[in-house]
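Visitor: The structure follows.
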Amino acid sequence: MHQILSIEQFQEIKNKGIGFIAITDRYLRKNCVHHPNCSSIQDSNFVQKAITSNCKNGKYIYVDHQLQGLDISSKMKLCGTCFS
Ligand SMILES: [Zn+2]
């Protein structure tokens, strides 16, 4: 498990399509774990949250297994789109 800090890391994970991405957000009641190829996993959203906002309101965390993502916090759920 590691935090994704650069757009290069983010794009590499998406290109490989391996593992999962957990997105935390302090203001959302529900946070989600996604497959890297989910439609919610967008460069523009990553840049906004991790770079422009400097992870102030939330983070992108790479995990090998979705259960590691669920362990991050009690409000972390599996994405309804990419896990359906
Ligand atoms: Zn998803």
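The values are calculated or read from the model by the stated rules, or taken from the named source; none is laboratory data. Predicted model, so just to flag it, every value in this text is computed and none were measured. Note: ideal-geometry Cβ built from the backbone for every residue, glycine included; neighbour counts use all protein chains shown.
Visitor: How do the pairs read when you match residues in the stretch 34-45 that are polar (S, T, N, Q) with residues anywhere that are exposed (fewer than 13 other Cβ atoms within 10 Å of the Cβ) and assigned to a loop (DSSP other than H, G, I, E, B), using Cβ under 8 Å and keeping only pairs 6 or more apart or on different chains?
Guide: 37/17; 39/81; 40/81
Visitor: Given the residues 61, 23, 18, 72, which is the only one that is surrounded by 14 or more Cβ atoms within 10 Å (Cβ to Cβ), within 16 Å of the ligand (Cβ to nearest atom), without any contact (Cβ under 8 Å) to a residue 40 or more places away in the chain and not hydroxyl-bearing (Ser, Thr, Tyr)? Can you show your working first?
Guide: Details: 61 fails: without any contact (Cβ under 8 Å) to a residue 40 or more places away in the chain; 18 fails: surrounded by 14 or more Cβ atoms within 10 Å (Cβ to Cβ); 72 fails: without any contact (Cβ under 8 Å) to a residue 40 or more places away in the chain.
Just one listed residue meets the conditions, 23.
Quick grid of which residues meet (1) touching a Lys or Arg at 6+ places or on another chain (Cβ under 8 Å); (2) farther than 20 Å from residue 8 by Cβ:
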{"position": "19", "(1), (2)": "no, no"}
{"position": "26", "(1), (2)": "no, yes"}
{"position": "41", "(1), (2)": "yes, no"}
{"position": "46", "(1), (2)": "no, no"}
{"position": "53", "(1), (2)": "no, no"}
{"position": "56", "(1), (2)": "no, yes"}
{"position": "62", "(1), (2)": "no, no"}
{"position": "77", "(1), (2)": "yes, yes"}
{"position": "81", "(1), (2)": "no, yes"}
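Visitor: Considering each of 84, 44 in turn, give the residue that is in a loop (DSSP other than H, G, I, E, B) and either at pLDDT 95 or above or within 16 Å of the ligand (Cβ to nearest atom) (or both).
Guide: Details: 44 fails: in a loop (DSSP other than H, G, I, E, B).
After applying the criteria, what remains is 84.
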